[in-house]
Structures are given as C-alpha cells and as structure tokens.
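A.B. asks: So that we are looking at the same thing, I have put the structure below in structure tokens.
The values are calculated or read from the model by the stated rules, or taken from the named source; none is laboratory data. Treat the numbers as computed from the prediction; the structure is a model and nothing was measured. Neighbour counts are summed over all protein chains in view; Cβ atoms, including those assigned to glycine, are modelled from backbone coordinates with ideal geometry. For accessibility, only protein heavy atoms count, side chains too; no ligands or nucleic acids. Shrake-Rupley method; radii C 1.70, N 1.55, O 1.52, S 1.80 Å.
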Amino acid sequence: MTTYSTAPILVIGNGPAAHQVLDRLRHFGCEDPVTVLGAEDTPAYHRALLTSALDGSLPTEAMELPPPPGDTTIRTGVCAVRIDRVRRRVHTADGDVFPYARLILATGATPILPALPGLRTPDGSPAAGVAVLRTLADCTRLTAPAAREARTPVTILGAGSLGVEAAFALALKNRPVTLVHPRPWPMDHLLDAAAGALVRDRLTAAGVELVAGSPATAYTPASAGAPGTLHLADGTTLPADTLLLCTGVLPETGLARAAGLAVRTGVLVDDGMRTDDPLIHAVGDCAEHRGNRGGSLASGWAQAEALARYLAHGARGVAPARRVLRPRIAGPGLVVLGMPGAAPCDETITLNDPANGRYARLELTGEHITAGVLLGFDRAIATTTELYVHDAPVPRDRLSFLMGRPPRLPGAGSEEITPETVVCLCNNVTHQDLTRAWHAGAQGLAELASATRATTGCGGCARQVESLCASLASTTAATTGS
Amino acid sequence: MTTRTLVVIGHGMTGHRLVEELRSRDPDGTWRVVVLGEERHPAYDRVRLSSALDDKTPAELSLVKPALLEDALVELHTSTRAVGIDRAQRTVALEDGGSIPYDALVLATGSVPFVPPVPGRELPGVCVYRTLDDLDAIRGAAGRTTTGVVIGGGLLGLEAANGLRLLGLSPHVVEMAPRLMPVQVDEGGGRVLDRLVTGLGVTTHLGVATSRIEAGEDGRVARLVFADGTAIETGLVVFSAGVRPQDSLAGPAELPRGERGGFLVDDHCRTEDPHVWAIGECAAVEGRCYGLVAPGYRMAEAVVSQLLGQGPSRFPGADMSTKLKLMGVDVASFGDAHAQTPGALEFVRESAGGEVYAKLVLDSQGDSLLGGILAGDAAAYPRLRSLLGRELPDSAEALLASV
C-alpha cells in the first residue's frame, strides 16, 4: 500500500467532464496541483465520438482529449473503491491511498441493463452475447476483426440517439443490423412522429432493419448451436447472437452512496456543484443538480464551468445548458436543440418537405428558440443552432429562414387587385361588380349587400367590402374636391 | 312572344337562387317559374340552421323576399312533393295526383341525411339535422334530457352540437375519424378545433365507432353504446354522418345517376335530356357532387344563362374552400389543404398557447401558395384565398397576421 502525499484536488474519473473541469480551472487561474484517478487504461477521450470509432471514420487516437494543462497527475487504470470522509482519503482497488483536500466525483454513468429475463448470468454479470457501448473497450469488442470479417449480425435494443448512431455505424461497416425499439418510432423522446418517420426511412435506406412498437420481454443467449434470441411482447422473436444494449445510462453513484453522501438518481449537488459534504463535489453524468441528471454533453460542460468558477472564485450558479444534439446519421444532418415538447412555448413553426425528406420544427418563446428539431435543411441547421446557442432572436420571416434564403420583402409577389378579383367568394362578386354598384348609388355595406349579394354568404368579406367603400369614398372626394 | 314554363323541383338555397337569378335577369318575362318545395317552409338559410335553435325564427331565416311572392311569374308551392317525371310528355307528377307541364325542368332536390345502419336508429329520440322540421323534433326530444349526442364530427355535426348547446344540453360529438372535420382540416387543425370546442362545453369522442343505441323503459333513446362497450346516457341522438344526393326521381324519370349517386350532368349541369338540368347537392357534375352552397350557386347561374341564352353557361367548377365560424371558432380550408400536390411544402404555425393553427401549402420552392388550413383564427382567409396559385407577396408570417 502506498499513501500518496496530499494533493489539494483529487478527481475520481477521467472522462470528458473531469477533463473539462481541469481545463476551466486553469482558465480561471487556479494553479493548485490536481491528481486524477481514471479507471480506464486509456487516456481521457471524447466519449461522444465513440460511434465514429465504431464505423471507423475516426481512429481512436483522434478521439483522445489533449493532456490537461498545469500541474496535473493522471493515473489511468486506477479504480477508486472507497471514500473515507473522516480521514479525507480515497482507497483504490490496488490498496493504494490518495488523501485529498477537495474531492471531485466525475465517475460518469454506466449503461443500464434492463430487468429482462436472460440478460444476466446468475452472478449478475451480463450474459454471453450481451454488449454495451460506453467505452473504447466496448467499441473494440464490437468491432473485433473476427466479428468484422464474419459480418456477425448485431441486434441493438433501444433506438435512442446512441442506438440509432450505433445502427448507422455498424451498417456502414456492412454488419447486418436489427434495431429494436419499444416505441413506435426511433428517438421518440426527442422527435415527433414526422421527424421520427424520416429517421426511420433513413435507417431503412441504410439497410438497418427497424423493429419498432413492441417492448422486449426476454433474451435467450446463444448456446450449443442454438442461436441467441430476443423475444418481444407482440410474440416476435429475433435472432440476436450479439445483443447491443442502448437502453440508457444510470449515474455511477456507488462510491458516493457507500460514503453516505446524499444521492437520488445522481449525486445531489448545489449551485457550487457541492455534495452535502462541503469538501466533495460531483460533476457531469454522475451528478444531479436541481433535479437535472445531466446525461448530455452540454449539461456536463455547464456544470464543469460552474465547478471551476466555484473552486477558483467561490462563484455559484450553473448556467442553463443550451443542449445541442447532432446524432450522426446517414444522409443530410439532424440536430435536436434542447428538449422538444418538454416545456410550453408561445409558438411553434413547422416546415415539412416530405418529397425531399426534410423537416424542421422550432419552438419559440417571443423571438427566441427554446427547442427544435431540424432534419435535412442544412443551412438552417447551421444558422438555427447558432441562434439557439446564443439565445439570439430569429428573423421574422421564418419560412425563408428555414429555407435558407433571404427574407421575402413586402411586394415581392404580384398582388395587384384587378377588376376581376373575386371579393365575395360565396356569391362570386368581383371588385368590379362592387365598384359599379357603388357608383350606381350603393355606397354602404348594407346597400352593397342588397345590390350585389356581397357579404351575404359567410360574411368573411365584410371587412374588405367596408374598406373598398372607404377607399372609393376618399377617391371620389379627392377627385371632386368636396 | 310566348312565355315558357320552368319547373324547379326543390326550394332549398340553390333552387331559390336559380329563381331569383332568373327573375332578375329576365325583365321581359320570357319564363314563368313554378317552384315545388317539399318542406312546409319556403327556402331558408340552411347554413345558419342552428341559429333557429337560438333566437332566430323560421321567418328570419327565410331567403324569400316579399316581392317574389307577389311576382306574377313565380308560382311557389310548399309542402308539395314531386313523385315522377314524364319526360316524353314533359310533365311532373305530384304526390296529390296533380301534374305540371314544363318546357324546362331543373332538379334542385338537395340531399338527404345519411343514417348509418346502427341498431336502434329507429327509436324515438333519434333525429337528423337538416331541416327546420328536424329542429322541431330535436327541440321536442331535448326537453326530456340534459345530454345530447351528435354522431358525426364534420361541419354539420359541429353545427348540430352547437344547436344542442343553444338548447341548454351538454353536447357530445362522436366521430369515427381521429379528428373533427376530417375533410377540411388536418391533424394539427383538428387538434386546435377539438381544444376550442371542448372549451365551449362540447365533449368529443374521436376515433370511435358507435355500436348501438339502446332504449329505456319508456321505449325512447336512453343510451348510446360504443364499440368498446362504454356508453353515454342520453335521451337524444342526432345523426349527422354525411348526406346523400336526393336523386330518388332518377329511377321513375329514367335519368342516369353518378357513380356515387346524384343526377348525372355535364359541365353545363345538363342531363342527357336537353329539357332537364340538375343543380346543387343533387347534381353529380361529371360524376362529382358538391356539398357546399357556393358551387350550387355557380350551377344555378350557369343554368339561368342557358335558359336565357346569355352569359357564361358552363359551371366553372369549384374548389372546396370553406370558411366558417362554429360556436365562434373560426375554421377555414382552401385550395390543396391536404398538400396532395407532388413536392408540396407545408409551413405550419401554432400559436396562442395552441389555440391558433395555420398551415400554408406551398409549391416545392416555397414560393407560391397552393392551399391552407386555418383554425382558431381565420382572419387571413380572404387574402390567402385570393392568393391561391400566386407567388407570396410578403412573408408567410405577415400574410398570416393580415386581416
């Protein structure tokens, strides 16, 4: 057992949130030495890019995050197993001891194994054939050369953004993919039916077999020549020698809970990202701040920023995350801004272009975007995301904005009123008919109604007829000088 | 100059328009008109029928001006049913045995309510909603119940529900489609419409089928049972599940019918008999029936032009653009409202906390207006309607905001 000298700041976890805290800490001028304990053997990497490693579009080195600035010691492959809050020490699996003055929990989250019969072995570990996608190691297993060459089929359970991305990535590598989702369309927590249908079409076009609308009820792992099978509530059975679970993640709170810290779904933190032990902080996917259990890169970033400010200056407050999700799917882009449908808004704008598989929906309050989904309007994706992130007002002409064109100015089209323009649609009364009747003496709404029948149908043109009366009266007055 | 005789069978809105149009365009009196109305009342404004349950009397709804009744060239028979047409002799046979000769005959018999074969539909307390007499039956049944059910959530069904509301009943509307007014509006428009009418005290049951109507101990309607077994206790059921062209004279007169019923006529509203025309809801113009009053008026005008040998004599066709106010709720549907044009774009704005819905259907470039749906606020309708097929003269927002 080695007991290390006390570092002012000890971080458990070496993921993107931890990395961001260190980066912002130095940015705000805090030069205290920091020690980071990372359970994975690899240096910190950008987890959001995992599916790019899955489809081979990025080499794993390209996903690595740059080494943190300043006096920082990173210890990879070190697994913290216990926090001793009384002595302010962290014990590791290797029996080493790391004292702390301040402890930051950035333990992230772990994939959820749903309570599905057959998914676990009796000892609780995942059954043979069951895979998850959270780490580079998971990624390496899924893309092992043998599986790649044999084009081993993969059945993915859960069509959230990770499941959808993984399906596209594996399909791109020519792996037969079946994507199973309990709800009627993919990413239903973020996409409405129209956008969901377009993503479904893209999946189908990419060769992914989407089985949506029925929840899984059980899994039978492959054994002695019998293939692995996934069973659905509607009676469907799907071959699933490899079952990739993309069924969400849970904050990793084991250490915090064992240490007696307050935990709900995540480790509870205040506006200084402090747990109920003032010397211990939590940040990123493991933290729960005011009921929000992160889970997104943007909220992790906002928390890292808040924590760094607090540690450097004692400032408190977490900026609301302007969350932008850009799932990597085949074909023109998809972006999800905020949480569509989650909060009331003043106004929604939808532009639907089914012929070209394009769709956009913005939720607005005042002139500001509060949430949105855009699929395929590439120029609008760029501009809308920009406006959303900076909370800037959208232009008045939303149609042109979404179409990616300059605004339409009044008078752009032709709208001159011709004598033949029909004013009263019910009775087929033209502008000319009314003008003639007016000159023949019917110089009021009631008179024009009885002379021409205008306004006597649905009455919708009454306002137009009135304004015509007024304009004829003023023109006549002007010409006669009366 | 000899005065010829025109017989018009049907004195509804369209038949009446024909008479008025003819009399105003025929100052020399070349035609004398005999109008045969089956109802007790002369022509009235059927579009505003529900207001007769509010504060309007039948007389106030009447479309007939006193001058017409004094017109020597107009002979109006109410409560008179035509039962046959002898095309060789050119006479119309009446139910009372009488016979009326014609030189020209215009069929303007309108529609009859369609009552689907739901068990119990013959019970006392089951009504339809079409005529002033139907309203009397509804009023009679309304006195015995606090809840009324309208079967059919289309335009007329909602009108009927409003009628029940005016009678002080709690109205329910049952619609098989998943939204109200499925012909005129889309899902989003239907959602707004549903929210607004629900706010006015109408209970809607969408996407449900009626299984049967059951009688109580008194033998009258007591409840309506849905296909899923749930039920509404009610003493009044009003069918408003669409209409069928009233073409029962086609058989005896040996006139051809359209595929979906109606007297088959060409684009001049002519039947195969050069002395017989059909106009309004009973006419299948080149096979197609029009269930709105405006196209009926266009047909009436076209036939008058032919009778007088002056003016445009062809029915120019009509799109099914509609604007109406139901219980104070604006709804409009115009042009290619359901975006059937290949490549069409749909631009939708929902505002005012989900109480206003506006959809513009545009060409594939987003430049010209092909159609639209408005619900909750239809002030922009007249301008948008006049822009159909043309390039937008301003931003969509500005056009939707315009009145």
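A.B. asks: Could you pull the Cα extents of region A:332-403 along its three principal axes, largest to smallest, in whole Å?
C.D. replies: Cα extents, longest axis first: 30, 22, 18 Å.
A.B. asks: Further question on the same structure: I'm a student and want to see the number: the projected area of the Cα convex hull of region A:130-247, averaged over all directions, in nm².
C.D. replies: Numbers: hull surface 28.6 nm².
If you wrap the Cα atoms of region A:130-247 in a convex hull and average its projections, you get 7.1 nm².
A.B. asks: In addition: Counting only protein chains, not ligands or nucleic acids, how are B:270, A:436, A:151 ordered by accessible area (probe 1.4 Å), most first?
C.D. replies: Details: B:270 95, A:436 150, A:151 120 Å².
Per-residue accessible area, sorted high to low, gives A:436, A:151, B:270.
A.B. asks: On alpha carbon coordinates alone, what is the Rg over Rh value for chain A, Rh being the Kirkwood radius?
C.D. replies: Numbers: Rg = 31.0 Å, Rh = 26.6 Å.
Rounded to two decimals, Rg over Rh is 1.16.
A.B. asks: What's the FRET efficiency of residue A:96 with residue A:257 using the Cβ-Cβ distance as r and R₀ = 25 Å, to the nearest 0.05? Walk me through the intermediate numbers first.
C.D. replies: Numbers: r = 22 Å, r/R0 = 0.88.
Efficiency at R0 = 25 Å is approximately 0.70.
A.B. asks: Now a separate question. Could you calculate the FRET efficiency of residue A:138 with residue A:204 from 1/(1 + (r/R0)^6), where r is the beta carbon distance between them and R0 is 30 Å, rounded to 0.05?
C.D. replies: Numbers: r = 26 Å, r/R0 = 0.87.
So the FRET efficiency works out to roughly 0.70.
A.B. asks: Hey, got the Cα dimensions of region A:30-86 along the principal axes, in Å, largest first?
C.D. replies: Projected onto its principal axes, the Cα set of region A:30-86 covers 47, 27, 15 Å.
A.B. asks: Could you run the Debye sum over the Cα atoms of region A:59-144, one equal point scatterer each and no solvent, and tell me log10 of I(q)/I(0) at q = 0.11, 0.14, 0.26 Å⁻¹, two decimals?
C.D. replies: Treating every Cα as an identical point scatterer, log10 I(q)/I(0) equals -0.52, -0.81, -1.30.
A.B. asks: Further, regarding this structure: What lysines could a cross-link reach from residue B:323, if we take a straight Cα to Cα line under 25 Å and drop same-chain neighbours fewer than 8 places away?
C.D. replies: Cα-Cα hits under 25 Å: B:56, B:359.
A.B. asks: While we're here: Given points 7 Å out from each Cα along the Cα-Cβ axis, report the residue B:208 to residue B:95 separation in nanometres with one decimal.
C.D. replies: A separation of 3.7 nm, rounded to one decimal place.
A.B. asks: Also, quick follow-up: May I ask you to compute the full-extension gain from residue B:268 to residue B:81, defined as 0.36 nm times their residue separation minus their alpha-carbon distance, rounded to one decimal in nm?
C.D. replies: So the chain would gain 64.7 nm between residue B:268 and residue B:81.
A.B. asks: Say we join alpha carbon atoms closer than 10 Å with springs in a Gaussian network model of chain B; which of B:176, B:13, B:299 then has the biggest fluctuation?
C.D. replies: Evaluated over chain B, the most mobile residue of the options is B:176.
A.B. asks: At a Cα cut-off below 18 Å, give the aspartates and glutamates reachable from residue B:325, other chains included and same-chain residues fewer than 8 away excluded.
C.D. replies: Correct list for residue B:325: B:45, B:54, B:55, B:159, B:186, B:194, B:355, B:377.
A.B. asks: Under the 0.36 nm per residue contour assumption, what length would be gained going from the current alpha-carbon distance of residue B:325 and residue B:259 to full extension? Working shown, then result.
C.D. replies: Details: separation 66, 0.36 × 66 = 23.76 nm, distance 3.23 nm.
Extra length from residue B:325 to residue B:259 when fully extended: 20.5 nm.
A.B. asks: Between residue A:73 and residue B:25, how many nm apart are label points set 7 Å from Cα along the C-beta direction?
C.D. replies: 10.1 nm
A.B. asks: Would you mind calculating the relative contact order of chain B from Cα pairs under 8 angstrom and at least 6 residues apart, reporting the percent as a whole number? All intermediate terms of the calculation are to be shown ahead of the outcome.
C.D. replies: On the way: 913 pairs, mean separation 55.5, N = 403.
Answer for chain B is 14 percent.
A.B. asks: Rounded to the nearest 0.05, what FRET efficiency do residue A:476 and residue A:450 give with R0 = 22 Å and r taken as the Cβ-Cβ distance? Could you check?
C.D. replies: On the way: r = 21 Å, r/R0 = 0.94.
It comes out at approximately 0.60.
A.B. asks: On to the next question. With a 1.4 Å probe, how much accessible area is buried between chains A and B, both sides summed, in Å² to the nearest hundred?
C.D. replies: Values: alone 22940 and 17660 Å², together 37490 Å².
Chains A and B together bury approximately 3100 Å².
A.B. asks: What number, in nm² with one decimal, is the all-direction average of the projected area of the convex hull of the alpha-carbon atoms of region B:322-401?
C.D. replies: On the way: hull surface 19.4 nm².
Answer in nm², one decimal: 4.9.
A.B. asks: Continuing with the same structure: Averaged per residue, what accessible area in Å² does region B:236-328 show with a 1.4 Å probe, protein chains only?
C.D. replies: Values: 3700 Å² over 93 residues.
Result: 40 Å² of accessible area for each residue.
A.B. asks: I've got another one for you. Just to compare against my own numbers: the Cα pair-distance distribution for region B:234-368, 5 Å bins, whole % per bin, please.
C.D. replies: Cα pair-distance distribution for region B:234-368, in percent: 2, 9, 14, 14, 14, 13, 13, 10, 7, 3, 1, 0.
A.B. asks: Then there is this: If B:126, A:177 are ordered by their accessible area, calculated over protein heavy atoms with a 1.4 Å probe, which sequence runs from highest to lowest? Could you put the intermediate results ahead of the total?
C.D. replies: On the way: B:126 30, A:177 5 Å².
In descending accessible area the options line up as B:126, A:177.
A.B. asks: For residue B:316, what charge total do you get from the other residues with a beta carbon under 14 Å from its beta carbon, if Lys and Arg give +1 and Asp and Glu give -1? Don't skip to the end; give the middle numbers.
C.D. replies: Details: positive: B:288, B:298, B:314; negative: A:420, B:266, B:267, B:286, B:301, B:319.
Once all neighbours under 14 Å are counted, the net charge is -3.
A.B. asks: I'd like the per residue volume of the convex hull spanned by the Cα atoms of chain B, given in cubic angstrom.
C.D. replies: On the way: hull volume 64.8 nm³, N = 403.
Hull volume over Cα atoms, normalised by residue count, gives 161 Å³.
A.B. asks: Ignoring any ligand, DNA or RNA, what whole percent of the accessible area of the protein assembly as shown comes from carbon and sulfur when the probe is 1.4 angstrom? Walk me through the numbers on the way to the answer.
C.D. replies: Details: 19550 of 37490 Å².
Answer for the protein assembly as shown: carbon and sulfur cover 52 percent of the accessible area.
A.B. asks: Under the 0.36 nm per residue contour assumption, what length would be gained going from the current alpha-carbon distance of residue A:463 and residue A:365 to full extension? Intermediate values should be presented prior to the final figure.
C.D. replies: Details: separation 98, 0.36 × 98 = 35.28 nm, distance 3.11 nm.
Once the chain is fully extended between residue A:463 and residue A:365, it gains 32.2 nm.
A.B. asks: D for region B:70-182, whole µm²/s, Stokes-Einstein with Kirkwood Rh over alpha-carbon pairs at 4 °C and 1.567 mPa s: what number? Write out the running numbers ahead of the final one.
C.D. replies: On the way: Rh = 17.3 Å.
The estimated diffusion coefficient comes to 75 µm²/s.
A.B. asks: Can you pull the one-decimal nm distance between simple spin-label points at residue B:228 and residue B:355, each 7 Å off the Cα toward Cβ?
C.D. replies: About 2.9 nm, to one decimal.
A.B. asks: Take the Cα pairs of the protein assembly as shown, get the Kirkwood Rh, then feed it into Stokes-Einstein at 20 °C and 1.002 mPa s and tell me D in µm²/s. Kindly include the intermediate steps, with their values, before the conclusion.
C.D. replies: On the way: Rh = 32.8 Å.
For the chosen part, D equals 65 µm²/s.
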